[in-house]
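What follows is a set of notes on a single structure, which appears directly below.
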Amino acid sequence: MNARTTGADVTDTRTAGPGAGVTVRVPAKVNVQLAVGAARPDGFHDLASVFLAVSLFDEVTATPADALTVTCSGPDADQVPLDRTNLAARAAEVLAARAGISPDVHLHIAKNIPVAGGMAGGSADGAAALLACDALWGLDTPREDLLALCAELGSDVPFSLVGGAALGTGRGELLTPVEAGTFHWVFAVAHGGLSTPSVFREFDRLTEGVDVPVPQASPVLLAALASGDPDALAAALANDLQPAALSLRPQLAATLAAGADAGALAGLVSGSGPTTAFLVRDPESAQKVAAALEASGTCRATRITASPAPGATVVPA
């Protein structure tokens, strides 16, 4: 695998990662409900987003360095930007600026969350880098200040720090914890990614001239989530961005159909896509659905997970 660093220099020595440092494990997410409002004057959209963290993790390791550099390993690592556009690098910069220090750190991302897949992989790396650098630099930043920095980095970053299950409002960054039982999932990884801004632009195009309702969390969905009943949750899953994702990537309809044919209780596009998420009854059903999806040829790979999962957590040395 290749290795690149931030800045102008590019080398071909991407390795398994740096040595000793602070490592933070951080989960992917699925939106079991994503209600989207009309575009605001600032270009964002008001959301009612019910997040679940799932047991699919990236790890970010921070070690001392002479300058800010980023490396990455794992599936699709060559698709991860290693310059200042990477949220992990930006996290180190904003935390260092708050502390009045130089962001001299090497960040290594062990990537397992699909890239540009609608599972908040980039946001997860930002939250993990924030927590890892805070520990490495001995800053002991208060939790509420870390959450504020997360919100500055992006709408999904605060939830990556918190994990579990939560309702996100505003543009998704204002979090209220919600109750959630254990649920089992299969994720189908699509060929290629989808840009979140492009999906929102398509949502705006598709809803032009339509009276888009103010987004609200579904009481029925929240009750199903708390009950741990997979059949009740399956009936309540909803994603307002799914029509836009299908418009940009019509072949995702075949993946959704393949999952349904394999016995999934329900399927939906995860966030802005193109990863699709399938709710299943139990781990045995997950194995069956994953095998059928891979055999269908409608996706590149599958991942079996469960929810909820903990948020960004320092891994003991």
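A few comments on the model shown:
- When we screen T141, T63, T69 for residues that are over 27 Å from N239 (Cβ atoms), in contact with a helix residue (DSSP H, G or I) (Cβ under 6 Å, 6 or more places away or on another chain) and of a type in the set (S, T, N, Q), the only hit is T141.
- G126 buried (at least 24 other Cβ atoms within 10 Å of the Cβ), outside any loop (DSSP other than H, G, I, E, B) and in contact with a Gly (Cβ under 7 Å, 6 or more places away or on another chain): yes
- Subset tally (residues that are of a type outside the set (A, V, I, L, M) and surrounded by fewer than 23 Cβ atoms within 10 Å (Cβ to Cβ)) for region 144-184: 16
- Restricting S247, S198, S272 to those that are more than 26 Å from A165 (Cβ to Cβ), polar (S, T, N, Q) and within 21 Å of the chain's Cα centre (by Cα) reduces the list to S198.
- Lone unmet requirement of (1) part of a helix (DSSP H, G or I); (2) touching a residue at least 12 places away in the same chain (Cβ under 8 Å); (3) among the aliphatic types (A, V, I, L, M) for A148: (2)
- Considering region 153-193, the qualifying strands (runs of 3 or more DSSP E), each wholly inside and each with 3 or more residues that are modelled with pLDDT of 95 or more, under 24 Å from A77 (Cβ atoms) and not hydroxyl-bearing (S, T, Y), run over 183-189.
- Enumeration of residues in region 173-221 that are over 30 Å from P283 (Cβ atoms) and among the aliphatic types (A, V, I, L, M): L174, V199, L206, V210, V212, V214
- Condition met for P197 (surrounded by fewer than 13 Cβ atoms within 10 Å (Cβ to Cβ) and either touching a residue at least 40 places away in the same chain (Cβ under 8 Å) or of a type outside the set (D, E) (or both)): yes
The values are calculated or read from the model by the stated rules, or taken from the named source; none is laboratory data. Remember, predicted model here, so these are calculated numbers, not experimental data. In this analysis, Cβ positions are derived from the backbone assuming ideal geometry, glycine residues included, and neighbour counts consider all displayed protein chains.
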